[in-house]
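Just below is one structure, and these are the notes that go with it.
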Amino acid sequence: NSILVYSSCQTPQYVHSTVAACLGISEKKVSIITRRVGGGFGGKAVKAMPVATACAVAANKLQRPVRTYVNRKTDMIMTGGRHPMKITYNVGFRSTRKITALELEILIDAGATLGLSMLMPSNIIGALKKYNWGALSFDFKLCKTNLLSKAIMRAPGDVQGTYIAESIIKNVASSLSLEADTIRKINLHTYESLALFYKDGADKLGVSLNFEDRISSVRAFNESNIWRKRGISRVPITYEVSMFATPGRVSVLSDGSIVVEVGGIELGQGLWTKVKQMNGYALGLLQCNGTEELMGKIRVVQSDTLSMVQGIFTGGSTTSEGSCAAVRLCCETLVERLKPLKTTLMEKSGGSISWNELISQAYAQSVNLSASDLYTPEETPTKYLNYGVAVSEVEVDLVTGKTTVLQTDILYDCGNSLNLAIDLGQIEGAFVQGLGFFMLEEQHMDIPTIDTIPRQFNVEILNSGCHEKRVLSSKASGEPLLLLAALLRMWKCEVGLDSMFQLPVPATMSVVKELCGLNIVKSYLEWKLRVTSRS
């Protein structure tokens, strides 16, 4: 009366308890194994549970193995997409360009069931808090509708919050006939005001990325080209992440090889690689001969809910960090157990000792070479801030509405990166995914492709020094950068349009073409007359 389920999910422990409840059996008779998952982004958090549970019910009923495979179309329908919402706001500002008050009323379509929609309001406000709005008032309503419930997707709520913030900044700038970047500068937080919004520490990130020079070149291009126009925008982000309790276990086998288990799931975000690096670093502190080759001896194994209890939800950009912290605690325990033996052996031999010799003697003397621990962020702040800024330059074909991202420059504070290559991939991937959300992805459109990536894409990872309360001074890189793609929809084509207009999301070719006004005869003639009079 026991059952084993292989599930492609981000939350094995929740699948575990759900399957047990549906089958009416004790949790000790359920085991959920999760191998590496081919991407998740939140869609395999809650939405994977019905698939795993239905499969388990069928296997229990038939008393034989059952496999459920959900094809891509069905999978996307079940996932439900991001949350649609309606935003109404009132904003107050002075002629000095300082925003003094913001009132928000936001209706969120949560679908027929709540799911994880309760996360949306706090995440939206978190993204808004990069600017000092003065008096901030907000009213959120999670609306139950007759539609499919929505999924939490990479940076849920934060993406929408960034869109809202930048739209308001843009409209204030239009009302004052100023550049949006001028309004951003004035209303960005000082250190003191940011500390009021966020109780944890806040290092300010101020950069230029050659912004002023590039503005001049964009203006020169627009003056000399009729049918193609360019725009440029600079957008900052602050992104708050949370740390969670994370389990880990490290076991050293008799031949010196090492098996590692962690509560986090490998989703393609490089969690296993970072865990292996942490393991090699922490055990390497023993300074035996051969410890520099430990990376080749380490294997991270699949997640098993009966073996690794108290697992966590893999998401929120900090699972790799938490898993590394748990592994480090385990390794510190093993180092403490092995140190006395190493000292004794070195005294007897009168020289150094190899890793394999040390482990062989540890087995002979019954030293416990398996250590498990639970990293809990109680002694450090459970939340911290990530900072970044991006400048993107975009070209629009006024006739067709085709938009091309010419260049993007990103500067991101990654703390002291655990793995620069992985974090760089996370940064670039998140940005391009955000580009798809803001510029391309409608139901009849394709997802981002290689042609979508900025023609010139520059990323600089800022080493912001020592963060004593972080895991080896590192910071998250998974979700925050998606928000920077919001700047791609903040440019404006002044072609027969009022200076103040709303660019919808996604800004597809047909949308851009319509807003350029050239498919409307009256707008085209008015624009043509203005161009002729200028020349």
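The values are calculated or read from the model by the stated rules, or taken from the named source; none is laboratory data. Keep in mind that what you see is a predicted model, and the values were worked out from it rather than measured. So basically every Cβ, Gly included, is an ideal-geometry build from the backbone, and we count neighbours across all protein chains shown. Ligands, DNA and RNA are excluded from the accessible area calculation, which covers all protein heavy atoms including side chains. Shrake-Rupley method; radii C 1.70, N 1.55, O 1.52, S 1.80 Å.
Does the stretch 16-34 hold any residues that are in contact (Cβ under 8 Å) with a residue 60 or more places away in the chain and in contact with a strand residue (DSSP E or B) (Cβ under 7 Å, 6 or more places away or on another chain), and which are they?
His16, Val30, Ser31, Ile32, Ile33, Thr34, listed by residue number.
Only residues that are of a type outside the set (Asp, Glu) and at pLDDT below 95: list them for the stretch 282-296, please.
Within the stretch 282-296, Gly284, Leu285, Leu286, Gln287, Cys288, Asn289, Gly290, Thr291, Leu294, Met295, Gly296 meet the criteria.
Among the residues in the stretch 134-148, are any surrounded by 22 or more Cβ atoms within 10 Å (Cβ to Cβ) and at pLDDT below 95?
Within the stretch 134-148, not a single residue is surrounded by 22 or more Cβ atoms within 10 Å (Cβ to Cβ) and at pLDDT below 95.
Cβ-Cβ distance below 8 Å, separation of 6 or more or different chains: which pairs start in the stretch 351-367 with a residue that is under 16 Å from Leu294 (Cβ atoms) and end on one that is of a type in the set (Ser, Thr, Tyr) and in a helix (DSSP H, G or I)?
Once the first residue is under 16 Å from Leu294 (Cβ atoms) and sits in the stretch 351-367, its partners that are of a type in the set (Ser, Thr, Tyr) and in a helix (DSSP H, G or I) give Trp355/Thr291.
For the stretch 375-423, give me the residue count where each residue is at positive phi and assigned to a strand (DSSP E or B).
1
Among the residues of the stretch 214-252, which ones are among the hydrophobic types (A, V, I, L, M, F, W, C) and in a strand (DSSP E or B)?
Going residue by residue through the stretch 214-252, those that are among the hydrophobic types (A, V, I, L, M, F, W, C) are 215, 218, 220-221, 226-227, 232, 235, 237, 241, 243-245, 250, 252.
Answer for the stretch 214-252, where residues must be among the hydrophobic types (A, V, I, L, M, F, W, C) and in a strand (DSSP E or B): Ile232, Val235, Ile237, Val241, Val250, Val252.
Return only the number of the condition from (1) open to solvent by 60 Å² or more (accessible area, probe 1.4 Å); (2) touching a strand residue (DSSP E or B) at 6+ places or on another chain (Cβ under 8 Å) that Glu395 does not satisfy.
(1)
Considering (1) modelled with pLDDT under 90; (2) in a helix (DSSP H, G or I); (3) open to solvent by 40 Å² or more (accessible area, probe 1.4 Å), say which one Lys204 fails and leave the rest.
All conditions pass for Lys204, except number (2).
Just to confirm my filter: which helices (runs of 4 or more DSSP H) fall fully inside the stretch 253-369 and include at least 3 residues that are open to solvent by 30 Å² or more (accessible area, probe 1.4 Å) and within 26 Å of Ser8 (Cα to Cα)?
The helices (runs of 4 or more DSSP H) meeting that bar are 271-283.
Report whether or not Asp109 is touching a His at 6+ places or on another chain (Cβ under 7 Å) and open to solvent by less than 40 Å² (accessible area, probe 1.4 Å).
yes
Give me a count of the residues in the stretch 8-33 that are open to solvent by 10 Å² or more (accessible area, probe 1.4 Å) and within 25 Å of the chain's Cα centre (by Cα).
Of the residues in that region, 4 qualify.
Give the residue, chosen from Lys513, Lys492, Lys528, Lys522, that is at pLDDT below 65 and either surrounded by 14 or more Cβ atoms within 10 Å (Cβ to Cβ) or assigned to a helix (DSSP H, G or I) (or both).
Only one candidate qualifies: Lys492.
Taking only pairs six or more apart or across chains, which ones have beta-carbon atoms under 8 Å, a first residue in the stretch 316-337 that is without any contact (Cβ under 8 Å) to a residue 60 or more places away in the chain, and a second residue that is open to solvent by 30 Å² or more (accessible area, probe 1.4 Å) and not in a helix (DSSP H, G or I)?
Pairs found: Thr333/Asp373; Arg337/Val367; Arg337/Asn368.
Note down all Cβ pairs under 6 Å where the first residue falls in the stretch 229-241 and is closer than 30 Å to Thr314 by Cα, the second is among the polar types (S, T, N, Q) and open to solvent by 20 Å² or more (accessible area, probe 1.4 Å), and they're at least six residues apart or on different chains.
Val241/Ser317
Quick check: anything in the stretch 429-437 assigned to a strand (DSSP E or B), at pLDDT below 90, open to solvent by 30 Å² or more (accessible area, probe 1.4 Å) and not assigned by the TED database to the domain that holds Lys129? Spell out how you get there, then give the answer.
Just the residues of the stretch 429-437 that are assigned to a strand (DSSP E or B), to begin with: none.
The answer is no; no qualifying residue exists.
Which count do you get for residues in the stretch 164-190 that are over 19 Å from Gly231 (Cβ atoms) and in contact with a Lys or Arg (Cβ under 8 Å, 6 or more places away or on another chain)?
Going through the stretch 164-190 one residue at a time, the tally reaches 5.
Do any helices (runs of 4 or more DSSP H) entirely within the stretch 1-114 hold 3 or more residues that are within 22 Å of Gln160 (Cβ to Cβ), and if so, which?
Fully inside the stretch 1-114 and qualifying: 72-79.
Checking the condition assigned by the TED database to the domain that holds Cys143, open to solvent by 80 Å² or more (accessible area, probe 1.4 Å) and of a type outside the set (A, V, I, L, M), which residue from Arg97, Arg67, Arg36 passes?
Sole residue among the options that is assigned by the TED database to the domain that holds Cys143, open to solvent by 80 Å² or more (accessible area, probe 1.4 Å) and of a type outside the set (A, V, I, L, M): Arg97.
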